[in-house]
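FYI, it's all coordinate maths here, none of it is from the lab. Everything numeric here is computed off the predicted structure, so don't read it as measured data. Cβ: placed from backbone, ideal geometry, glycine included. Neighbour counts: every protein chain shown.
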There are 4 protein chains.
Amino acid sequence: MEKEKKVIASFEAGIKLGALFHQFIGAPVSEKNAEILEKAIESCVKLQPYVVSAEVRIDREKLKGFSAFGYTSLSPEMIRARVVVEFEGERVEAVLEWDEKLRYPLMKLL
Amino acid sequence: MEKEKKVIASFEAGIKLGALFHQFIGAPVSEKNAEILEKAIESCVKLQPYVVSAEVRIDREKLKGFSAFGYTSLSPEMIRARVVVEFEGERVEAVLEWDEKLRYPLMKLL
Amino acid sequence: MEKEKKVIASFEAGIKLGALFHQFIGAPVSEKNAEILEKAIESCVKLQPYVVSAEVRIDREKLKGFSAFGYTSLSPEMIRARVVVEFEGERVEAVLEWDEKLRYPLMKLL
Amino acid sequence: MEKEKKVIASFEAGIKLGALFHQFIGAPVSEKNAEILEKAIESCVKLQPYVVSAEVRIDREKLKGFSAFGYTSLSPEMIRARVVVEFEGERVEAVLEWDEKLRYPLMKLL
């Protein structure tokens, strides 16, 4: 029973990370708007069912010295997110973070 | 132990549904390209880790008589998806389907 | 010569409206985060080349009484945008607005 | 008069390139599904108003040896597109192509 809740909470956490990645990858970003973009993405995740908290961080180092036009597209290498989801009292925490070794935006349950 | 695998498989299934929804909502669609769009979305999901199978269906009825330009944007009401994910022998099946009563593109584990 | 600049400015204005529509349609939205989402979208447009100003407005009326979960996905009916682009002294203004008669998110030069 | 048509055709061409870039960047891609993804993107562009033809090409070289999971996310470096738009007899051709020197997915009128 308790396990079933954890299964559902984990499914819901997966939805949130898959959603935020695919909604926002490609958005124009620079040091100028990184903070408001982070806040907007967090605000979107927080609207979704069962979300307790959401944190999104765009790596400022990876925004430096980019294109000739002074900004770039939000890319998988740049984004880190952490979401806490609770389903009927069962909480799970999940993160999205670029894994340099795998060359992959890895999503995992903590 | 077995439960842990199911938790992870469910997390992965959630990622896939959240991803496909937010990647493709908004794409131009009509009866002309609905099938190739379905196949392309399925092909994207099948590349992702642990996916055994993926089916995507765009509701042809909801494509009829739309805008003056003969097509519309892929919207939450139109898309149905089913994904089977397997993690270390544990399989889960999840679906995305518009719920008319909730007015919501509901994702759930079967 | 002057005409050529207007042609380029118009091309650039088209890019901006096509980009913002397809980047952000589908994002979770409610009255709670509509303002921050508007500001974030504007901030993205303003980073792009030749943009002088950008305004984005999400129709609050269309956010009311939506899904059972208290939010919806940003849809073509909800979004209005206005962008001013200048290329080598030639300015153009373009808007995106839902046209109820055409059932279409119409983009046009003013 | 003739110029005005070219201005509108150019605006429409810009919309198409901005749209396709921001709709599809982030989609899962590998050598396995690159062709169907190209065809699906082309099918989307061809539905849009005034489009005469559309070609999309995903750079297979840039898909090689990517992540540990055998695929990657469609990124600005990988995609090339060419669209021909005609408005009241006036045709324009526009392309999207990664510019390595500018480190930018440059869109331009030919």
Report, to the nearest 10°, how far helix C:34-47 tilts away from the longest principal axis of the Cα atoms in chain C, using its own Cα long axis and a range of 0 to 90°. 20 degrees
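Please find the FRET efficiency linking D:K64 to C:A68, where r is the Cβ-Cβ separation and R0 is fixed at 56 Å, and quote it to the nearest 0.05.
Working: r = 46 Å, r/R0 = 0.82.
The pair D:K64/C:A68 has a calculated efficiency of 0.75.
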Rounded to whole Å and sorted largest first, list the principal axis extents of the Cα atoms in segment A:1-76. 56, 18, 18
Within segment C:1-89, DSSP-loop trypsin sites (Lys or Arg not before Pro) with at most 10 other C-beta atoms within 10 Å are C:K64
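How long is the gain from B:E55 to B:R80 if the chain were fully straight, where each residue apart is worth 0.36 nm and the alpha carbon distance is subtracted?
Values: separation 25, 0.36 × 25 = 9.00 nm, distance 0.82 nm.
Answer, rounded to one decimal: 8.2 nm.
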Output the pairs from A:K39/C:K5; B:K108/C:K62; C:K62/D:K46; A:K101/B:K16; A:K32/D:K5 with a Cα-Cα distance over 32 Å in this structure; if there are none, say none. A:K39/C:K5; A:K32/D:K5
If the reach is capped at under 12 angstrom between alpha carbons, list the aspartates and glutamates near D:K6, excluding any in the same chain fewer than eight residues apart. C:E4, D:E86, D:E88, D:E90, D:E93
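If you filter segment C:1-78 for GluC sites (Glu not before Pro), then keep DSSP loop positions with at most 14 other Cβ within 10 Å, what is left?
Numbers: sites: C:E2, C:E4, C:E12, C:E31, C:E35, C:E38, C:E42, C:E55, C:E61, C:E77; in loops: C:E31.
Of the GluC sites (Glu not before Pro), the ones in loops of segment C:1-78 whose Cβ has at most 14 other Cβ atoms within 10 Å are C:E31.
Defining a contact as two alpha carbons under 8 Å apart and six or more residues distant in sequence, what relative contact order in percent does chain D show? Mind dumping the intermediate values first?
Working: 187 pairs, mean separation 33.4, N = 110.
That works out to 30 percent.
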Going by Cα centres, segment B:17-73 and segment A:68-96 are how many Å apart? 24 Å
For C:K64, give me every one of the aspartates and glutamates with a C-alpha distance below 14 angstrom, ignoring sequence neighbours fewer than eight places off in its own chain. C:E31, C:E77
Calculate how steeply helix B:2-24 sits against the longest principal axis of the alpha-carbon atoms of chain B, using the helix alpha-carbon long axis, and give the answer as 0 to 90 degrees to the nearest 10. 20 degrees
